[in-house]
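Chemist: Please see the structure below; I have some questions.
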Amino acid sequence: MKPIKAIYVDDEAPALDLIRKYCETIDDIELLACFQDPTEAMIFERMEEVELLILDIEMPGISGTEMVELVPKGKLCIFITADPTHAAKAYELDVIDYLVKPVFPERFVKAVQKAVDYLKFTGLDQENDFLVFKSDYMVNKIPIKDVLWVEGFGEYLKIITRFKQYMVLQRLSDFMEKNEKLGFTRIHKSYIVHLKQVKSHNSQFAFLADDKQLPIGRKYKDCFR
């Protein structure tokens, strides 16, 4: 796999120099550029193929969290900040990792590896056997046979598996667009199932292997059948 293409944005020059040196020792990352000005970084990001944003949070003009919200949805991000109080916002933005300064090389390597693993898994077309997603700063690769159903909550969704539940920052419509080819189908405004999990159905409900029943919305009946 080719090195992941990244940029780093931090208004402190010593921090830029440190992360630049770290990147020079890691084969899996190509640091395209460093910026002290977030606006310049956003212009560069629009013009170049950038896969990973490494961002400070508290910067003049545009903060790191604001920058994540302004770039294309789904862009991978690692926050590096001196202030640990932004963790809740980082979780809300579903970033790959959240590092608190001072950042040591082994911790930075671990964060980069998370981003590389995520791109590697999603780039394999998920082998038609696995569902890959980010949750709690972790890249999860779950066998599709273990996914019972997916439930939507506005901007979030919950993936219910045989062993665990995961909260993911993603809309149901985006999940369907990405994973329909893997056998998932939407049966209700709030529910998605994998067809192999459906054992029977009537006009109102789909019955799953674990005796769970999910409602079938009027809008989705014809497509489901």
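Chemist: Among what's in the stretch 171-225 and is closer than 19 Å to residue 145 by Cβ and of a type in the set (Lys, Arg), pick the residue that is nearest to the chain's Cα centre (by Cα).
Modeler: Here the answer is 178.
Chemist: Considering (1) touching a residue at least 24 places away in the same chain (Cβ under 8 Å); (2) within 29 Å of residue 74 (Cβ to Cβ), say which one residue 208 fails and leave the rest.
Modeler: With respect to (1) touching a residue at least 24 places away in the same chain (Cβ under 8 Å); (2) within 29 Å of residue 74 (Cβ to Cβ), residue 208 is out only on (2).
Chemist: Give 214, 119, 148, 182 a once-over and let me know the one that is under 30 Å from residue 27 (Cβ atoms), in contact with an Asp or Glu (Cβ under 9 Å, 6 or more places away or on another chain) and surrounded by 15 or more Cβ atoms within 10 Å (Cβ to Cβ).
Modeler: Working: 214 fails: under 30 Å from residue 27 (Cβ atoms); 148 fails: under 30 Å from residue 27 (Cβ atoms); 182 fails: under 30 Å from residue 27 (Cβ atoms).
Checking each option against the conditions leaves just 119.
Chemist: Among the residues of the stretch 1-16, write down those that are over 13 Å from residue 115 (Cβ atoms), without any contact (Cβ under 8 Å) to a residue 40 or more places away in the chain and surrounded by 12 or more Cβ atoms within 10 Å (Cβ to Cβ).
Modeler: 16
Chemist: Next question, about the same structure. Tell me which of these residue 130 doesn't satisfy, since it passes every other one: (1) within 17 Å of residue 95 (Cβ to Cβ); (2) crowded, with 17+ Cβ neighbours inside 10 Å.
Modeler: The number of the failed condition is (1).
Chemist: Being surrounded by 17 or more Cβ atoms within 10 Å (Cβ to Cβ) and assigned to a helix (DSSP H, G or I) is the filter here, so list the residues in the stretch 20-29 that pass it.
Modeler: Within the stretch 20-29, 22, 23 meet the criteria.
Condition check ((1) in contact with a Leu (Cβ under 8 Å, 6 or more places away or on another chain); (2) at positive phi; (3) at pLDDT 90 or above; (4) surrounded by 18 or more Cβ atoms within 10 Å (Cβ to Cβ)) across all residues:
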site: 139; (1), (2), (3), (4): no, no, no, yes
site: 144; (1), (2), (3), (4): yes, no, no, yes
site: 152; (1), (2), (3), (4): yes, no, yes, yes
site: 157; (1), (2), (3), (4): yes, no, yes, yes
site: 166; (1), (2), (3), (4): no, no, yes, yes
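The values are calculated or read from the model by the stated rules, or taken from the named source; none is laboratory data. Note that this is a predicted model, so its numbers are computed, not measured. Using ideal geometry, Cβ is built from the backbone for each residue, glycine included, and neighbour counts are taken over all protein chains shown.
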